[in-house]
Amino acid sequence: MNKTSQKPRIIFLNQMAGPLFRELAEDISKQSLPSVLLTGHPDALKATPIDSLDIIAAPGYIRDSYMTRMSSWVRYFIYVLFRCCRLPSNALLFVVSNPPIILIIGYLFKRLRQQRYVILVYDTFLEGLIKFGQLKASGLIARFWRRMNRLALENSEIVFTLSDGMAANLERCFDAGKTRPGKVLVVSNWADVDWIRPIPKQANQFAQKYDQVDKLTVMYSGNIGQRHDIGTIMNAARILKGQNSVHFMIIGDGAKKKLVDEAKSRCELDNLTVLAFQPEDVLASSLPTADLAVVSLEKGCEDGMVPSKTYYAMAAGSALIGLCENDSEVAHIIDRHQCGFVVSPGDTEAMVNGILDMLNDEAKLNFYRTNSRRAAEKFYSRKNTGRYLEALLPIIP
């Protein structure tokens with residue numbers, strides 16, 4: 001945690017600000033815009049401090065159960081509510097939909113302190129709950145939540161999101177004409193291509209540690225959540241159990257982690273390595289271990305999110321398996337840059353055939369991997385933070 005000597009001009013609110021969002025806060029703050037970031041992400045709190053950004057410890061996200069998740073959201077909300085009252089009212093609030101209930105903070109502070117704010121929507125969480133039957137669209141909670149979201153979005157200076165599909169989905173939920181640009185602004189996520197880069201397995205300590213040097217490594221790394229198709233990956237691992245040249249790695253945690261552990265035990269999947277979230281300083285070697293990186297979305301989530309793992313895998317030079325519908329942003333990225341292949345959620349046979357195709361056609365695999373890294377360098381690098389700065393400069397006090 002670093003203490004800036006100047007009053008903040010921007011206050012960033014993101015309960016789990018991973019490396020990608022921390023990079024955004026750092027890059028913006030360096031432009032003579034001293035800032036603070038309120039987050040509970042352990043890696044962000046341990047990050048090397050910079051003079052222009054004060055990272056303040058806030059309640060973190062606890063994934064253990066629905067109750068712990070909700071309670072951690074509420075704790076963060078309450079902390080932010082009181083902590084921001086002690087920060088300058090003329091600072092711009094940069095509110096991220098993490099946790100999803102936090103968006104209303106901007107609206108409250110605009111009404112109470114005439115404080116301006118912008119919103120970055122990482123995923124449409126409410127619509128996901130409705131699609132998966134966890135909330136009724138006509139229920140009191142959903143209707144109240146929608147009302148609060150509409151108030152927050154329509155009173156913000158700018159609403160940012162990650163893809164055209166997400167923008168269109170959002171614009172059906174509120175009147176974007178009430179924001180300064182008159183529409184939702186789309187800025188693609190990125191990865192720091194100088195930090196995450198390809199490493200030959202022979203020179204990669206992580207690959208050596210987990211005996212992946214002579215294997216085709218199929219990796220899923222990140223949140224193992226309800227909106228990710230994990231079952232198809234497990235079925236593919238089971239079918240390819242006897243294929244010694246192919247190895248699966250699942251790295252992360254979340255609501256569906258139990259499915260992974262159960263499948264490994266029940267089917268005796270010796271071809272599957274399961275690991276917890278890796279420390280940030282390990283990512284630069286763990287991610288390049290993947291020859292094939294899986295980015296998965298359950299059916300119905302196409303316009304609700306774009307997993308940031310997409311861009312980190314591309315920076316690492318991995319070919320992508322888009323386990324998603326063809327009209328999703330992930331599928332569009334794969335098609336646009338010819339950096340992998342797309343499999344419909346639940347289509348285990350297509351996933352197995354695609355993996356075997358990559359095993360037997362090294363030239364095609366290398367073609368995808370080269371294109372993946374090239375696209376990351378050209379379109380999805382840290383330079384994208386400049387697009388946020390360009391939009392924010394006219395409204396920063």
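Can you find a residue in the range 236-250 that is farther than 16 Å from LEU216 by Cα and touching a helix residue (DSSP H, G or I) at 6+ places or on another chain (Cβ under 9 Å)? Spell out how you get there, then give the answer.
Looking only at the range 236-250, we keep the residues that are farther than 16 Å from LEU216 by Cα, and these are none.
Looking for residues that are farther than 16 Å from LEU216 by Cα and touching a helix residue (DSSP H, G or I) at 6+ places or on another chain (Cβ under 9 Å), one finds none in the range 236-250, hence no.
Kindly provide the set of residues from the range 138-163 that are assigned to a helix (DSSP H, G or I) and either more than 15 Å from ILE104 (Cα to Cα) or of a type in the set (A, V, I, L, M) (or both), ordered by number. The answer is LEU140, ILE141, ALA142, MET148, LEU151, ALA152, LEU153. Of all residues in the range 135-172, which are free of Cβ contacts under 8 Å to residues at least 24 places away in the same chain and within 24 Å of PHE21 (Cα to Cα)? If the condition is that a residue be free of Cβ contacts under 8 Å to residues at least 24 places away in the same chain and within 24 Å of PHE21 (Cα to Cα), then ALA167, GLU171 are the ones that fit.
With a requirement of 1 or more residues that are in the same structural domain as VAL352 (by TED's automatic domain parsing) and surrounded by fewer than 19 Cβ atoms within 10 Å (Cβ to Cβ), the strands (runs of 3 or more DSSP E) lying completely within the range 165-275 that satisfy it span 272-275.
Quick check: is even one residue across the range 274-282 among the charged types (D, E, K, R) and touching a helix residue (DSSP H, G or I) at 6+ places or on another chain (Cβ under 9 Å)? Give the steps one after another, and end with the answer.
So the first thing to find is which residues in the range 274-282 are among the charged types (D, E, K, R), and the list is 280-281.
Pick out the ones that are also touching a helix residue (DSSP H, G or I) at 6+ places or on another chain (Cβ under 9 Å) and you get 280-281.
Yes - at least one qualifying residue is present in the range 274-282.
Can you tell me which residues in the range 377-397 are closer than 23 Å to LEU93 by Cβ and touching a Ser or Thr at 6+ places or on another chain (Cβ under 8 Å)? Hit for the range 377-397 is ASN384, nothing else. Among the candidates ALA316, ALA350, the residue that is out of contact with any Cys (no Cβ under 8 Å at 6 or more places or on another chain) and more than 24 Å from LYS256 (Cα to Cα) is uniquely ALA316.
Looking at the range 330-351, can you tell me whether even one residue there is in a loop (DSSP other than H, G, I, E, B), touching a Leu at 6+ places or on another chain (Cβ under 8 Å) and within 14 Å of THR310 (Cβ to Cβ)? Yes. Is there a residue in the range 19-26 that is at pLDDT below 95 and either under 26 Å from GLY304 (Cα atoms) or surrounded by 15 or more Cβ atoms within 10 Å (Cβ to Cβ) (or both)? Checking the range 19-26: at least one residue is at pLDDT below 95 and either under 26 Å from GLY304 (Cα atoms) or surrounded by 15 or more Cβ atoms within 10 Å (Cβ to Cβ) (or both). Here the condition is being within 29 Å of ASP327 (Cβ to Cβ) and either in contact with a Gly (Cβ under 7 Å, 6 or more places away or on another chain) or basic (Lys, Arg) (or both); of ALA168, ALA142, ALA137, ALA152, it holds for ALA152 alone.
Can you tell me which residue among PRO288, PRO345 is in contact with a Lys or Arg (Cβ under 9 Å, 6 or more places away or on another chain) and farther than 26 Å from VAL187 by Cβ?
Details: PRO288 fails: farther than 26 Å from VAL187 by Cβ.
Only one candidate passes the filter, namely PRO345.
Can you name the residue in the range 276-305 that is of a type in the set (Gly, Ala, Ser), in contact with an Asp or Glu (Cβ under 7 Å, 6 or more places away or on another chain) and part of a loop (DSSP other than H, G, I, E, B) and is also surrounded by the fewest Cβ atoms within 10 Å (Cβ to Cβ) among such residues?
Narrowing the range 276-305 to residues of a type in the set (Gly, Ala, Ser): 276, 284-286, 290, 293, 296, 300, 304.
Narrowing the set further to residues that are in contact with an Asp or Glu (Cβ under 7 Å, 6 or more places away or on another chain) leaves 276, 296, 304.
From what is left, the residues that are part of a loop (DSSP other than H, G, I, E, B) are 276, 304.
Details: ALA276: 9, GLY304: 24.
Residue satisfying both the conditions and the ranking: ALA276.
The values are calculated or read from the model by the stated rules, or taken from the named source; none is laboratory data. Because the structure is predicted, anything quoted here is derived from the model rather than measured. A quick note on method: Cβ atoms are made from the backbone with ideal geometry, for glycine too, and the neighbour counts reach across all protein chains shown.
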